[in-house]
Amino acid sequence: MRTYFYKETFLILFISIIMVNLSSCNQNQNTEKPEFENKAIEAIMNRTSIRVYQDRDVNDDKINILMKAAMAAPSGKNTQPWEFVVVKDRETLDFMAEGLPYAKMLKNTRQAIVVCGDSIKSFYWYLDCSTAAQNILIAAQSLGLGAVWTAAYPYEERMAVVKEAIKLPDNILPLCVIPFGYPEAPQGPKKKYKPSKVHRDRFKGDSTEK
Ligand SMILES: Cc1cc2nc3c(=O)[nH]c(=O)nc-3n(C[C@H](O)[C@H](O)[C@H](O)COP(=O)(O)O)c2cc1C
């Protein structure tokens with residue numbers, strides 16, 4: 001009889017502990033998480049331009065995620081005027097490194113994405129493609145990769161180099177080349193947040209402020 005009593009008490013105690021744990025799990029799901037526990041905010045806040053990479057391939061699964069992230073971007077009237085060229089060919093990467101003054105890191109990456117836009121589909125293709133390019137940078141950060149936007153548009157000479165490198169037709173214009181890979185060294189984001197840049201209801205800043 002006594003053993004039975006102990007067993008029953010133990011069972012009730014055990015069930016109560018499980019129920020308390022389950023209910024606290026549910027409460028956590030319902031409460032809003034602080035910003036850095038939110039994966040999207042974390043990736044945005046920690047992204048920084050990465051220009052030195054490990055000598056290691058990024059697999060196609062990860063590259064496909066970058067492409068899906070790019071095409072999830074917003075575009076005016078949902079035109080989606082973008083085209084993406086994934087470049088792994090060593091000669092092509094070196095050719096662009098040679099011709100682009102601020103993209104020398106293409107020499108030491110194994111892959112890059114050229115973000116292009118169709119100027120027939122949209123006269124503001126470069127705006128739509130910028131949202132896609134930014135998505136690539138944030139998705140790369142979230143996947144443990146490092147990437148950097150290197151400019152083609154609006155520099156005619158740089159655009160000509162990229163057009164020749166990847167054989168673009170006349171209406172497809174290059175916005176930027178994004179070299180990426182596994183970062184060689186961990187790098188934190190730059191501190192850029194300035195509360196004075198946020199205005200409430202009307203602009204209250206000093207327009208001459210540098
Ligand atoms: C439109 C644009 C053009 C850029 N062009 C280059 C470039 O040609 N080469 C380069 O190394 N970085 C380039 N960057 C990256 C910036 O230098 C970088 O974003 C800036 O210094 C802030 O650093 P962060 O990205 O680490 O926050 C470019 C960024 C943007 C948005």
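The values are calculated or read from the model by the stated rules, or taken from the named source; none is laboratory data. Everything quoted here is computed from the prediction, not taken from an experiment. Neighbour counts run over all protein chains shown; Cβ positions are idealised from the backbone, glycine included.
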If you scan segment 172-188, which residues turn out to be over 17 Å from Ile136 (Cβ atoms) and either in contact (Cβ under 8 Å) with a residue 24 or more places away in the chain or of a type in the set (Phe, Trp, Tyr) (or both)?
Ile172, Leu173, Glu184, Ala185, Gln187, Gly188
So which pairs qualify, if the first residue must be in segment 46-69 and aromatic (Phe, Trp, Tyr), the second must be within 16 Å of the ligand (Cβ to nearest atom) and part of a loop (DSSP other than H, G, I, E, B), the Cβ gap must be under 9 Å, and the two must be at least 6 apart or on different chains?
Tyr53/Thr109; Tyr53/Leu145; Tyr53/Glu184
Which condition number in (1) farther than 27 Å from Asp61 by Cα; (2) more than 11 Å from the ligand (Cβ to nearest atom); (3) touching a residue at least 12 places away in the same chain (Cβ under 8 Å) is the one that Tyr153 fails?
(2)
Report yes if some residue within segment 81-102 is at pLDDT 95 or above, basic (Lys, Arg), within 16 Å of the ligand (Cβ to nearest atom) and surrounded by 11 or more Cβ atoms within 10 Å (Cβ to Cβ); otherwise report no.
no
Could you go through segment 163-171 and let me know if any residue there is surrounded by 14 or more Cβ atoms within 10 Å (Cβ to Cβ), modelled with pLDDT of 95 or more and either near the ligand (Cβ under 10 Å from one of its atoms) or under 25 Å from Gln54 (Cα atoms) (or both).
yes
Can you tell me how many residues within segment 115-128 are of a type in the set (A, V, I, L, M) and either at pLDDT below 95 or farther than 17 Å from Leu145 by Cβ (or both)?
2
